[in-house]
């Protein structure tokens, strides 16, 4: 394969990724600290949701922001970086890509993550093959110049090949309880490979509330700490609630008792679905 400079260093500098984010912040006065349970009331849950089906916001956050990792991620500062992949490089025509996988990563059941898990997990319009336990190759009939960005999406999380339909991932939180369409409860993985820099809550609870006014009421009554919301009028008068990313184009509302980085993702709600990883209690 003819190599090009279309590798992760070039992608890091792209303006397209940086344009996804902007400065915000509820509270960034305190340094991150561990502890507590954050509760998020979310829309989009269905009674037939599973770990491989269901694409509402509830399951997107449960997958990518909680239990599972993707090969790449869009960081809070807008750059593309590796998560389960440590490096990647594409051919000049964008039809062939090779990804190096992070070594030493284990699933929540203790088994190691390898290339066979990535091959079993990814559903792409191309071929995914394992070159060795920690390297994969993807080939396509048409150019896929933005593949590293595509692989950061929540529908490309990596499952274990031996348990594709289970809530077993490599994410910062391990599943404790799952009631489809109603609740997800997860607890922090103490020895996670990213645990020194994120994943500050001891536990995370997602609850399904389909009605937007009821979600707003739950936040106003301190029953939860964050909700997805589009109508700023419901909570605009509450000084202890932040409307993000702004009251003019909000996607979610958060208690001011929650702290977060000055820059948070705006491509998707709740810090690009990764609130459980990136936020902490002030």
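FYI, it's all coordinate maths here, none of it is from the lab. Note that the coordinates shown come from a computational prediction; the quantities given were computed from them, not determined experimentally. In this analysis, Cβ positions are derived from the backbone assuming ideal geometry, glycine residues included, and neighbour counts consider all displayed protein chains.
Using Cα pairs closer than 8 Å and at least 6 residues apart in sequence, work out the relative contact order for the chain, in percent.
Working: 656 pairs, mean separation 79.6, N = 282.
With pairs under 8 Å counted, the relative contact order is 28 percent.
Can you compute the modelled spin-label distance between residue 236 and residue 150, with each label point 7 Å from Cα toward Cβ, in nm?
4.1
Multiply the residue separation of residue 129 and residue 93 by 0.36 nm, subtract the distance between their alpha-carbon atoms, and state the gained length in nm to one decimal.
Numbers: separation 36, 0.36 × 36 = 12.96 nm, distance 1.90 nm.
Full extension of this stretch gives 11.1 nm more.
So what's the back-of-envelope 222 nm ellipticity for the chain, counting only DSSP H runs of four-plus at -39500 (n - 2.57) apiece and dividing by all residues, rounded to 500?
Details: 8 runs with 43 residues, N = 282.
My calculation for the chain gives -3000 deg cm²/dmol from helical runs alone.
If you average the alpha carbon positions of segment 26-85 and of segment 99-133, how far apart do those two centres end up, in angstrom?
Segment 26-85 and segment 99-133 have Cα centres spaced 20 Å from each other.
Under the 0.36 nm per residue contour assumption, what length would be gained going from the current alpha-carbon distance of residue 248 and residue 190 to full extension? Intermediate results must be reported in sequence, preceding the final value.
Details: separation 58, 0.36 × 58 = 20.88 nm, distance 3.88 nm.
Gain in length upon complete extension: 17.0 nm.
So the label point goes 7 Å from the Cα of residue 214 along Cα→C-beta, right? Which residues of segment 244-282 then have their backbone N under 19 Å from it?
253
What FRET efficiency would be calculated for the residue pair residue 50, residue 106, taking the C-beta separation as r and a Förster radius of 30 Å, to the nearest 0.05?
Values: r = 23 Å, r/R0 = 0.76.
Taking R0 as 30 Å, the efficiency between residue 50 and residue 106 is 0.85.
Test of understanding: ordering 42, 244, 111, 185 by Cβ neighbours within 10 Å, fewest first, what list do you get? Spell out each step's value before the answer.
On the way: 42 26, 244 23, 111 14, 185 18.
The order, fewest Cβ neighbours first, is 111, 185, 244, 42.
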